[in-house]
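Novice: This is the structure I have questions about; it appears just below.
Throughout, read-outs are computed from the coordinates displayed, never taken from laboratory work. For clarity, every value in this text was computed on a predicted model and none was experimentally measured. Cβ sites come from the backbone with ideal geometry, for glycine too, and all protein chains shown count toward neighbours.
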Amino acid sequence: MIWIIRCSDRRYRFNPSYQNGLKGILSAENIQNDYHDLRCFGAALGFVLNPGWAANQLKIAAHLGKKRFLIVDHMDCHAYPLEFGPLSTTNERRKHIEMLTKASALVRKHQPEITPIIYIQDGHRYEKIAV
Ligand SMILES: [Zn+2]
């Protein structure tokens, strides 16, 4: 079973575009509805800013036998300008990739048997980022 971390943003509950983007990612990774869902504001950013919490979550995931950890960031995330100030679309994307890469490094450091997989979602569109 896979473990997913994504933003707490309410658009995942109410915006069909966000829901369809997530469905596309799950389909691309061959995941049905059977996954553990960890949510925090900023997804990768929340993970990176709280490394102790992240390490604890990873320990639990490993205990539950998780082998893959899907980290999904989304564009127009309200958590990013709070941390980094106003960002152009290009710079926000850069910051997401930076935080996703750091979050992946945390996974490898604490639980090397879990494979991190990272995505950026922009509404219904999504992109897998190589790590
Ligand atoms: Zn967000």
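Novice: Rounded to the nearest 5, what is the percent of antiparallel bridges among the DSSP beta bridges in the chain?
Specialist: Working: 5 of 22 bridges.
Antiparallel bridges make up about 25 percent of those DSSP assigns within the chain.
Novice: So which trypsin sites (Lys or Arg not before Pro) in segment 1-46 pass both tests, a DSSP loop state and at most 13 other Cβ atoms within 10 Å of the Cβ?
Specialist: Qualifying residues, ordered by number: 10.
Novice: Hey, what number do you get for the chain at 222 nm if only DSSP H runs of n ≥ 4 count, each worth -39500 (n - 2.57), divided across all residues, to the nearest 500?
Specialist: Details: 6 runs with 64 residues, N = 131.
Using -39500 (n - 2.57) per qualifying helix, the result is -14500 deg cm²/dmol.
Novice: Pull up the cross-link candidates among the lysines for residue 95, meaning alpha carbon to alpha carbon under 25 Å and not fewer than 8 places away within one chain.
Specialist: 23, 109, 128
Novice: Still on this structure, I have one more. What do you get for GluC sites (Glu not before Pro) in segment 78-131 restricted to DSSP loop and a cutoff of at most 13 other Cβ within 10 Å of the site's Cβ?
Specialist: 113
Novice: Here is a further query. For the chain, what are the DSSP H helices with axial Cα length of 15 Å or more and mean Kyte-Doolittle hydropathy of at least -1.0?
Specialist: On the way: long enough: 16-28 (18 Å, -0.18); 51-63 (18 Å, -0.12); 89-110 (31 Å, -1.05).
Helices passing the filter in the chain: 16-28, 51-63.
Novice: A further question follows. Calculate the dipole size of the chain relative to its Cα centre from +1 charges on Lys and Arg beta carbons and -1 charges on Asp and Glu beta carbons; express the result in debye to the nearest 20.
Specialist: That gives a dipole near 200 debye.
Novice: DSSP loop chymotrypsin sites (Phe, Trp or Tyr not before Pro) in segment 35-131 with at most 16 other Cβ atoms within 10 Å of their Cβ, which ones?
Specialist: Of the chymotrypsin sites (Phe, Trp or Tyr not before Pro), the ones in loops of segment 35-131 whose Cβ has at most 16 other Cβ atoms within 10 Å are 41.
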